[in-house]
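Taking it in order: structure first as structure tokens, then the write-up.
The values are calculated or read from the model by the stated rules, or taken from the named source; none is laboratory data. Just so we're clear, the structure is a prediction, and the values are computed from it rather than from any experiment. When we count neighbours, we look across all protein chains shown, and the Cβ atoms used for this are built from the backbone with ideal geometry, even at glycine. To get the accessible areas, we keep the full protein, side chains included, count just its heavy atoms, and leave off ligands, DNA and RNA. Shrake-Rupley method; radii C 1.70, N 1.55, O 1.52, S 1.80 Å.
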Amino acid sequence: VNKSGSSPSGIIGIGQSNVTLATFELNAQGEDIQIQRADIAITGTSAATDFAGTVKLMTDAGATLYSVAASTASLYDDDTAGNDVVTFSTYYTIPAGTILKLKLVADASSTITGTDTAIGNISDIYFKRMTTNTYGTASAATAVAGNTLTASAATLTVVNNASEGNGTVIEGGSNILLGSYLLQTSSAEGVNVSSI
């Protein structure tokens, strides 16, 4: 079990939906592996009130293996020693010699504080070896952590488009450019401009 190179880093928009907190890669070696349980956690400075809806562990293809209310306190207790292991609602078999990407996904609350941090973690992945019919636990000693994500409010700046410059207009002209402006949002999230 490893953190994926595609695991996100940077900014979480306040109130942003379907935030991928971390992406993990599970590599099945030798024989098919069926994953059945895991310990998932959200560490950093975030708390249960910082997220809304559900927290989901999903495959990269969009299948949900486990979901829990975002208000569940055990998600945020920083206990990655196997005390919060949950059973998947759907077991998933990884064919031998292949890699499965798992994503930990949540909705940021509109009350999350800017500069709060969140780190998705997974550990104690309990699995069944499908050929030998034996069981094991991967990543039991330490949690595999994603990158640190920081909450930030979306902003919008409006400035004059200096590339247009000053000009002269002809009396009676039509479709005359009177002004040009640049609207730019922060890297936290996109914005919807509803009125000007």
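Structural remarks
- Per residue, the accessible area of the chain comes to 54 Å², computed with a 1.4 Å probe over protein heavy atoms only.
- In terms of Cα atoms, the Rg and Dmax of segment 110-190 work out to 27.5, 87 Å.
- Among the listed pairs LYS56/LYS128; LYS3/LYS128; LYS56/LYS101, those beyond 19 Å (Cα-Cα): LYS56/LYS128; LYS3/LYS128
- For segment 12-89, with all protein chains in place and a probe radius of 1.4 Å, 43% of the accessible heavy-atom surface sits on carbon or sulfur.
- Spin-label model distance (nm) - VAL191 vs THR113, 7 Å beyond Cα toward Cβ: 2.4
- Per-q log10 I(q)/I(0), segment 64-124, q = 0.24, 0.27 Å⁻¹ (Debye; single scatterer per alpha-carbon; no solvent): -1.31, -1.48
- Taking the three principal axes of the alpha carbon atoms in the chain, the coordinate ranges are 87, 35, 24 Å, sorted in descending order.
- Highest average packing first - 166-176, 47-57, Cβ atoms within 10 Å: 47-57, 166-176
- Quarter of Cα convex hull surface for segment 1-105, i.e. mean projection, nm²: 6.8
- The simple spin-label model puts a point 7 Å past each Cα toward its Cβ; for ASN133 and ALA162 those points are separated by 7.4 nm.
- Chain lengthening between SER6 and ASN18 when straightened (0.36 nm per residue, less Cα-Cα): 2.7 nm
- The label point for ASN27 and the one for LEU183, both projected 7 Å from the Cα toward the Cβ, are 4.7 nm apart.
- Surface share of carbon and sulfur [accessible, 1.4 angstrom probe, percent] for segment 124-190: 51
- Segment 44-196: relative contact order as a whole-number percent, Cα under 8 Å and 6+ apart: 21
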